[in-house]
Structure formats: structure tokens, C-alpha cells
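Quick one: this structure, given as C-alpha cells, is what I'll be asking you about.
Values quoted throughout were computed directly from the atomic coordinates according to the rules given, and no laboratory measurement underlies them. Bear in mind that the values here come from a model prediction, so they are computed numbers and not experimental data. Here the Cβ positions follow ideal geometry from the backbone for every residue, glycine too, while neighbour counts run over all protein chains shown.
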């Protein structure tokens, strides 16, 4: 993760898109998701997920976010079973190959539900044009779903919104950002046993 991730202030930018993605949309995105028990929040460094899940252990490679465990989520394994694994706004940091490897890695140690919360874009050109000062992998919803095996979507919730230009100015220091449509999806997944 780069310094644009803002350490413990990650997700706390004042623009309406940040407030929606990281806070306001969460109750809607988690409708139907069991939030009791232990949640392993992979890539959830500064612990924002504690607002919605009962018991959370965060794992992140960015020590500046003060996660419970500093580790690479693509290779790290918990020493104890958890009730749920959460991947919230993580998959755009990983190539397609690395997302597939992460899904298989999680399946190797976790036998309960997996919750994925990720923004997706129908207009990838607009997303890429606004994504300055970072190297990320943006996807359509169809492209995202193709990478989730061996996990199967059991429940889906989506929230559509307009990304305001201030989001890119605050998050990435973009000098002349533009707004565009975006969607965040929340999937509750179970491991495909076939």
C-alpha cells in the first residue's frame, strides 16, 4: 500500500463518495449478512469494520494503519478458526492472477462464509482516467465474479452512486478529476464443494 492510503485516517476523507463507500452504504450492503462471531478482516488495516461486525481481527501489510496483525494477506494464515472472512475494498490492489490465488488461499484454511465488498465499474475508462498516482486493477462486476472461484455467491447487494471529483482530489491528489458512475457490490460467498 502506498502513502496515499493515509494510515489510520484511511477511509475518513470528507467528500460524499468517501462517506458513502466507507460508512453510509455499509448498513445496506450488509443486509442479510451474519455479523456475529469472529470476523477476519483481510486488508482492513485501521479497523473501520469494527463499526459493523461484533469481533474483528484486522490483517494488513501496511503497519501505518495499525492492524492487529501486520502480514501479507496472500500468504498469511490464521492460527485459529474464524466465523467469517471479510475482504472490503481490497481486490483492486491485486492483479487477476493474485485475486485467484488469494481466493484459493483463503479456501485452503477457511470453511465458513466469505464476504467480499468491492467497487466495480461499467466505465473502466473513466475510472482509469481518474486513478492517478497509483497502480490498481479495476474491474466490471462480471470480471470480478469470474475471479472468485472456488467461492460461489449466495447473496448479493449493490449500491449505485456517483463518484464526485473531490474523492480523487482527496484520495489521490488528482489536479483535475471528473465524476463518474460506480457501483459497490457486497457478496456473501460459500465455498463450492463440487
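Can you sort 19, 145 so the residue with the fewest Cβ neighbours within 10 Å comes first?
19, 145
I'd like the distance between the alpha-carbon centres of the range 13-45 and the range 120-189, rounded to an integer number of Å.
Taking the Cα centre of the range 120-189 as reference, the centre of the range 13-45 is 15 Å away.
Another question, then. On a 0 to 90 degree scale, rounded to 10, what angle separates helix 96-109 from the longest Cα axis of the chain?
30
While we're looking at this one, here's another question. For the modelled label position 7 Å from the Cα of residue 193 along Cα-to-Cβ, which residues of the range 153-184 have backbone nitrogen atoms closer than 17 Å?
From the range 153-184, the list is 153-154.
Could you rank the peptides 62-74, 179-191 by their average count of other C-beta atoms within 10 Å per residue, with the highest value first?
Sorting 62-74, 179-191 by mean packing, highest first, produces 179-191, 62-74.
With the alpha-carbon atoms as the only input, what is the per residue convex hull volume for the chain in Å³?
Hull volume normalised by residue count: 106 Å³.
Of the peptides 114-124, 149-159, how do they stack up when ordered by the mean number of other Cβ atoms within 10 Å, highest first?
Those peptides, ordered most packed to least, come out 114-124, 149-159.
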